[in-house]
C-alpha cells in the first residue's frame, strides 16, 4: 500500500487535511486493486502545552476492483471525527479518536461489466494510539481501533491494529512505514504501507 497525506494550516485553529492511497492485495489467489482519497477540515477547539482536541468533518471515496473484473465497486463516504491527544512527557503522546461515517455505494460500469457493492451503511469507530520519539525525528507509532456497523451486516465488528515508524525529514516533509492487521469474526487481513507526508 502507498499513502500520501497533505495538510495545510490555513489559520491558527483551522486546517485542511487530505489523504490519498493506492493498494494492491492478493486475496485467495485473486489480485485486488484499489484506491481512494479523503478531504477534511480540522477545527482545533482546545490546544495547550499538553492537551489538544479537534473536530474533523470529512468526505471522500474509494474503489476496489479485481483483476478479472469479477468483483468490486466504488463507495462515497462522509462523516465526522473527534481527535484528542495528550502529551505524557517530552517523548510520548497518547491519542484517542471517535468517528462516525456513512458509506454509500456508487455503481461502476467498466467495459460492459457493472460492479455494485450495494453498500449503504453507517460505521462507528473508536481507537487509541501512542507515538514515542526514539531519537530526534524518529518515532515509533502504534494504534488499536475497533469498528462497528450500525446496521445489520454479515460482519458486525472488526478490530484494526497498526505499528510502524515515522521520520520527520525536512521542513514539513515526513515518511514512514507500517504494518496493519485487521481481524473480524470470519476474516483476517494483513497489509504493509509506505507513507509520505507534507505539512504546510
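Filter region 86-102 down to the residues that are over 18 Å from residue 137 (Cβ atoms), over 15 Å from the mean Cα position of the chain (by Cα) and part of a strand (DSSP E or B) and list them by number.
Quick first cut of region 86-102, residues over 18 Å from residue 137 (Cβ atoms) only: 86, 88, 94-102.
Pick out the ones that are also over 15 Å from the mean Cα position of the chain (by Cα) and you get 86, 88, 94.
Correct list: 86, 94.
Mind counting the residues in region 149-159 that are within 15 Å of the chain's Cα centre (by Cα) and either surrounded by fewer than 16 Cβ atoms within 10 Å (Cβ to Cβ) or under 11 Å from residue 128 (Cα atoms) (or both)? It would help to see each step written out before you state the result.
Our first condition is that a residue be within 15 Å of the chain's Cα centre (by Cα); within region 149-159, this holds for 158-159.
Next, only the ones that are either surrounded by fewer than 16 Cβ atoms within 10 Å (Cβ to Cβ) or under 11 Å from residue 128 (Cα atoms) (or both) stay: 159.
Going through region 149-159 one residue at a time, the tally reaches 1.
For residue 180, are the conditions met, namely being surrounded by fewer than 13 Cβ atoms within 10 Å (Cβ to Cβ), in a strand (DSSP E or B) and either at pLDDT below 90 or under 19 Å from the mean Cα position of the chain (by Cα) (or both)? Before you say what the answer is, go through the steps one by one.
Numbers: surrounded by fewer than 13 Cβ atoms within 10 Å (Cβ to Cβ): no; in a strand (DSSP E or B): yes; either at pLDDT below 90 or under 19 Å from the mean Cα position of the chain (by Cα) (or both): yes.
No.
Among the listed residues 26, 41, identify the single one that is under 17 Å from the mean Cα position of the chain (by Cα), assigned to a strand (DSSP E or B) and either farther than 18 Å from residue 198 by Cα or modelled with pLDDT of 95 or more (or both).
When all the criteria are applied, what remains is 41.
The conditions are (1) in a loop (DSSP other than H, G, I, E, B); (2) within 16 Å of residue 101 (Cα to Cα), and residue 49 fails exactly one of them. Which is it?
Against the list (1) in a loop (DSSP other than H, G, I, E, B); (2) within 16 Å of residue 101 (Cα to Cα), residue 49 comes up short only on (2).
Of the conditions (1) within 15 Å of the chain's Cα centre (by Cα); (2) free of Cβ contacts under 8 Å to residues at least 40 places away in the same chain, residue 139 fails just one. Which one is it?
Result: residue 139 passes all but (1).
Please pick out the residue among 90, 116 that is within 24 Å of residue 22 (Cβ to Cβ), in contact (Cβ under 8 Å) with a residue 40 or more places away in the chain, surrounded by fewer than 18 Cβ atoms within 10 Å (Cβ to Cβ) and out of contact with any helix residue (DSSP H, G or I) (no Cβ under 7 Å at 6 or more places or on another chain).
Details: 90 fails: within 24 Å of residue 22 (Cβ to Cβ).
On inspection, the qualifying residue turns out to be 116.
Which of the following residues is in contact with a strand residue (DSSP E or B) (Cβ under 9 Å, 6 or more places away or on another chain) and within 18 Å of residue 19 (Cα to Cα): 144, 173, 181? Outline the logic, then answer.
Working: 144 fails: within 18 Å of residue 19 (Cα to Cα); 181 fails: within 18 Å of residue 19 (Cα to Cα).
Result of the check over 144, 173, 181: 173.
Got a number for residues in region 44-77 being surrounded by fewer than 17 Cβ atoms within 10 Å (Cβ to Cβ) and either within 30 Å of residue 118 (Cβ to Cβ) or at pLDDT below 90 (or both)?
The qualifying residues number 13.
The values are calculated or read from the model by the stated rules, or taken from the named source; none is laboratory data. Given the structure is predicted, the values throughout are model-derived calculations rather than measurements. Heads up, the Cβs are rebuilt from the backbone with ideal geometry, glycines too, and the neighbour counts pull from every protein chain shown.
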